[in-house]
Amino acid sequence: MGKILVMDHPLIQHKLSIIRNIDTGSKDFRALISEIANLICYEATRDLPLEEVEVETPICVTKTKVLAGKKLAVVPILRAGLGMVDGMLALVPTARVGHIGLYRDPDTLQPVEYYCKLPSDIDEREVFVVDPMLATGGSAIDAITQIKKRGAKHIKFLGIIAAPEGLNALHEAHPDVDIFVASLDEKLNDHGYIVPGLGDAGDRIFGTK
Ligand code: PRP
Ligand code: URA
């Protein structure tokens, strides 16, 4: 059974307060999304396997540990997931990056897929699906279903703000997937936006409206 972790680190809470603020502009918003992604990535990679190697320090030869060469992939859900990629790659620079394009139909709130390009060996990789917003959960559920169809077996979801509805739906649809988010907010409003949330993440990252 996948675990659910709501990260309550003070640095994350502080940065979240800034991105929630309506007066925060795109430049700061983008930078902070990336910084929060970096902090979540730190926790989500805690269980990566290690192997022992021998290293010669200036003092002596010693046994120490390095990552055991596990192949990783980061898959942002377009558009807003793109904002989390740099923060992830800062910690796992050799990860491959796939892209999955989905948008929510504003009337039905159902995800519509328009693009999918993943590393060809995605079945051999540990996959980190990233999207700042987990609202109804439809986009994340659909993206992970598509990624599983292409053979991926080890998937984690990293988000920034989740609504209880989306968190529960994702956990039920993909119980094997570990979920890491920075905040569990109160609810969805009638338009499927997270309350209190931060508004439309894609528009705030890219300055569109
Ligand atoms: C937003 C967000 C998620 C999705 C979450 O994307 O980035 O992908 O909504 O909502 P859900 O959990 O109800 O599916 P949006 O559809 O606005 O597309 P965009 O990122 O291209 O703006
Ligand atoms: N997508 C967003 O960008 N924000 C929300 O609150 C819900 C979905």
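The values are calculated or read from the model by the stated rules, or taken from the named source; none is laboratory data. For clarity, every value in this text was computed on a predicted model and none was experimentally measured. Cβ coordinates were reconstructed from backbone atoms using ideal geometry, including for glycine residues, and neighbour counts include every protein chain displayed.
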State whether one or more residues within segment 42-54 are touching a helix residue (DSSP H, G or I) at 6+ places or on another chain (Cβ under 8 Å) and either within 16 Å of ligand 1 (Cβ to nearest atom) or assigned to a helix (DSSP H, G or I) (or both).
no
Among the residues of segment 4-40, write down those that are charged (D, E, K, R) and either modelled with pLDDT under 95 or surrounded by fewer than 11 Cβ atoms within 10 Å (Cβ to Cβ) (or both).
D8, D23, K27
The lone condition A163 fails out of (1) within 12 Å of ligand 1 (Cβ to nearest atom); (2) loosely packed, with under 13 Cβ neighbours inside 10 Å is (2)
Among the residues of segment 62-77 satisfying the criterion of being touching a residue at least 40 places away in the same chain (Cβ under 8 Å) and not in a loop (DSSP other than H, G, I, E, B), which is farthest from L32 (Cα to Cα)?
L72
Among the residues of segment 144-153, is any free of Cβ contacts under 8 Å to residues at least 60 places away in the same chain and near ligand 1 (Cβ under 10 Å from one of its atoms)?
no
Within segment 178-185, is even one residue away from ligand 2 (no atom under 16 Å from the Cβ), in contact (Cβ under 8 Å) with a residue 60 or more places away in the chain and of a type in the set (D, E, K, R)?
yes
Among (1) touching a Pro at 6+ places or on another chain (Cβ under 8 Å); (2) within 25 Å of S120 (Cα to Cα); (3) not hydrophobic (A, V, I, L, M, F, W, C), E186 falls short only on (2)
Specify the residue that is farthest from ligand 1 (Cβ to nearest atom); the eligible residues are those in segment 68-82 that are among the small types (G, A, S) and closer than 11 Å to D131 by Cα.
G81
Counted residues, segment 115-134 - those being within 11 Å of ligand 1 (Cβ to nearest atom) and under 12 Å from Q146 (Cβ atoms)
2
Per the list (1) away from ligand 2 (no atom under 14 Å from the Cβ); (2) surrounded by 19 or more Cβ atoms within 10 Å (Cβ to Cβ); (3) outside any strand (DSSP E or B), residue check on L82 breaks on (1)
Within segment 123-137, is even one residue at pLDDT 95 or above, out of contact with any helix residue (DSSP H, G or I) (no Cβ under 9 Å at 6 or more places or on another chain), crowded, with 16+ Cβ neighbours inside 10 Å and under 20 Å from F180 (Cβ atoms)?
yes
